[in-house]
Amino acid sequence: MEERQPGAILHPEPTDEPAFAARTVEHSRDYLAEIVGLESRAGERIQAGPILKLMYETAVAVAFRHCEHRPVMLRLDRIDLTRVISHMDLVRIEGRMIEVGRSSMVIEVRCYAKSPTEREFRPCHVGYLTMVAIDEDGQPVRSLPGLSYDTPAGLESKALASHRRAEILERRQALEWIDREERLRVSDVLEPLEAERYECLVPAQTEVRVKGQVIPANLQPDGRVRAGDLLVWLDRVATYTASQFTRSDHVVTLSVNDVVFKRPLHATDRIELISRVAYVRTHTLEVAVDIIVHTLDGAQYPLDSVEFFLINYGPNGAKRRVTSGLVLDEADQDGLRRYLKARTRFHFWKAHPESHLSQSPE
């Protein structure tokens, strides 16, 4: 049995056995809507952080309506953000419950946006967040209302939950062989250059380190950091890293890989983010951000590593070629594994267009 760390929130596997009276999908369905960004930058493409935070807040609202306990985020499934959302767009996030376990809930969130000159909302992004209900002591609540699939909306949610589980398994299987490789060679990992590079850097030269506290406007009652605020910070650091590498002020996140927070973060924790470029293509690149938590008693532990896939574009909005490249070395096995995983993720994404709402950025 896995040893539980103090304060840890372990992932409770979904179960088909409801603790008591089930509730319908319609019971907890909710939405949030907001005019995003800055008026001074109206029409410019907005970064992903504020959109991710709004999706998180929608999932919190849906989870609370269903279970009537305080929810915290355990997992954000890989999400593609390829549709453009601009400053001063009206963004509407609709959320619904699709699966409930003993203490965990999976919420689907759908993002729609509308500029001031448009009459109708356009679909943008779809995401899935796993929330855990906790009690006043911060411990998982082990008995939640079940989810009824007896309505048309329930049947659709059941199908979505099944599709989500299959997709997660497929993505995991596409990558797990890489960790089984004892040693990687550059010749087996590196893709041929698709574009001329004017500058080449080793991954360590792309590194950006920041360290501080996440102090949101409103903390959780027990002093926990809200995951939405951390997502905004992660996206900001990933964007800075990509901008520094490309020497471009116009870089934006296209996708965020799976995010898993198995332990809570508190306002007293110092959080260190270590970010570096892991993979480069013609117009796009992947940035990996490692999260290291430093507690007040001097202990530290890694929380997760989050991968952001970003695109370089020009002032006119058209994609722009990345002129910097990576130099890999067999002594840096971690860098080779990150590169190979990023490369595998990209080609998996290209081969599964049904998993996102837009075309490939390349």
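Mind checking which aspartates and glutamates have their C-alpha under 18 Å from K114, skipping anything on the same chain fewer than 8 residues away? Filter leaves E34, E39, E44, D89, E94.
Between amide H atoms placed 1.01 Å from N, distances below 5 Å from L81 occur with S255, V256, all of them 5 or more places distant or on a separate chain.
Nearest 5 is fine: what % of DSSP beta bridges in the chain come out antiparallel, could you say? Let's see the in-between values first.
Details: 71 of 77 bridges.
Counting DSSP beta bridges with both partners in the chain, the antiparallel share is about 90 percent.
Note on the chain: GNM, Cα springs under 10 Å; of R92, R270, R41, the largest mean-square fluctuation is that of R41.
Which GluC sites (Glu not before Pro) does region 77-140 hold that lie in a coil by DSSP with at most 16 other beta carbons within 10 Å?
Numbers: sites: E94, E99, E108, E118, E120, E136; in loops: E118, E120, E136.
Taking region 77-140 and a limit of 16 other Cβ atoms within 10 Å, the loop GluC sites (Glu not before Pro) found are E118, E120, E136.
Relative to the Cα centre, the charge distribution of the chain, modelled as +1 at Lys and Arg Cβ and -1 at Asp and Glu Cβ, gives a dipole magnitude of about 660 debye.
Restricting to lysine pairs 8 or more places apart or on different chains, what number in region 183-355 have Cα atoms under 28 Å apart? Walk me through the numbers before you get to the answer.
Numbers: K211/K262; K211/K341; K262/K341; K319/K341; K319/K350; K341/K350.
Counting lysine pairs in region 183-355 gives 6.
For Cα extents along the principal axes in Å, the value computed from the atomic coordinates appears in the list [x] 63, 54, 38; [y] 113, 96, 36; [z] 63, 56, 34 under label [x].
Can you give the helix-only mean residue ellipticity at 222 nm for the chain, where every DSSP H stretch with n ≥ 4 adds -39500 (n - 2.57) and the sum goes over all residues, rounded to the nearest 500 deg cm²/dmol?
Working: 6 runs with 96 residues, N = 362.
Taking each H run of at least 4 residues, the total per residue is -9000 deg cm²/dmol.
Readers should treat all values here as calculations from the given coordinates under stated rules, not as data from a laboratory. A quick note: this is a predicted structure, and the numbers were derived from the prediction, not measured. Cβ coordinates were reconstructed from backbone atoms using ideal geometry, including for glycine residues, and neighbour counts include every protein chain displayed.
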